[in-house]
Amino acid sequence: MATIAPRCRMSVKLAKQALLCTRPLSKKAAACTRLGAVAAQRSLITVQDRLKSTNLGETTSKTDKATLSLFGVTDTLEGDKQKYSDALTQAASAFHDAEQIFNDPSFESKKGWSVDEKVDEDLRVYSKKTDKAVDMVAVTSVLLGHVDCVHLDVWTQPDDLKKWKKMVDHSCFVAQLTDHADIIHGSTNSMLVSDGRDFVTARIWRKIGDSYIIASRSVDVGEEPYEGKVRGTVHLAACRLRPDPEDPKHKTLCDVIAHVDPKGNIPKAAVNMVCSKLALMEAKAQKKHFEMLQGQGKLGKQ
């Protein structure tokens, strides 16, 4: 079984330098802002026209590159990265599914969802039955920090997750596809009734108006599981970040959905219990993480 592959240790220094929002934005972060403006303009057209322009489910292939357009932004894979075109398509499909869920009025009202955990008004965990063996879990929380800075941290943090998430055993980049898409390989520790699990997912993000959506889904890119881990399946994992209308400069509304099958011989009831408990643990850790960054003065907006 493989340990951490050399390519998983690829440098993400440029992205992490952009994390300190109190400093001038890097070229990459500035580019993200410009692309966000484009997405905001595109959000004025109808939903039908937007979805028609996404090319979901396929990429446009040429001899030297493959492209995929989604919400006014085009991701281009060139050279050796073209081998990840299927992964990019899967990420875009996950984004489409996530956007539909987030924009469904029943998600905002939580009609059809059951409350699994209510810590306080700023943190709740819900679950919903699906046509698959496991439930979908949703988490709503309020995070400290301007939405742009929170998004930047969430997107660039995989290499650092182990430092502040007890459930994370490994987390690294397999491939940086574009400024808006990548592939992540991560695993969890043995927790609750579940042994350690291993996941390889393709992620993609877009800024729509003043909000962000990050979506991911399991992909097969030839990565071997970490030693002693069981390869699980992420049917869908997504995060929506929005400015808190009560304090948009300093707080962010965070909605997370996760539909994950850990695989292995675990009873369905136990799987659903574990997923809800882990979602709560992760949400608490995330809130503490942003409280720490806020205390360090890293979440302000110039």
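None of the figures in this text is laboratory data; all of them are computed from the coordinates on show. Predicted model only: the values in this text are computed from it and were never measured. Heads up, the Cβs are rebuilt from the backbone with ideal geometry, glycines too, and the neighbour counts pull from every protein chain shown.
Couple of notes before you dig in:
- Over all other residues within a Cβ to Cβ distance under 9 Å of Y126, the charged ones net out to +1, with Lys and Arg as +1 and Asp and Glu as -1.
- Peptides 129-135, 119-125 ordered by average Cβ neighbours within 10 Å, highest first: 119-125, 129-135
- Highest-first packing order for the peptide set 165-177, 259-271 is 165-177, 259-271, based on the mean count of other beta carbon atoms within 10 Å.
- The stretch 101-184: Lys pairs at Cα distance under 14 angstrom, eight or more positions apart or on different chains: 5
- A simple count of charges around P225, restricted to other residues whose Cβ falls under 13 Å of its Cβ and scoring Lys, Arg +1 and Asp, Glu -1, yields -3.
- Gyration tensor verdict on the stretch 91-295 (Cα atoms; rounded if a/c is under 1.5, prolate if a/b is larger than b/c, oblate otherwise): rounded
- For the pair K288 and K263 in one chain, pulling the backbone fully straight at 0.36 nm per residue adds 6.0 nm over the alpha carbon distance.
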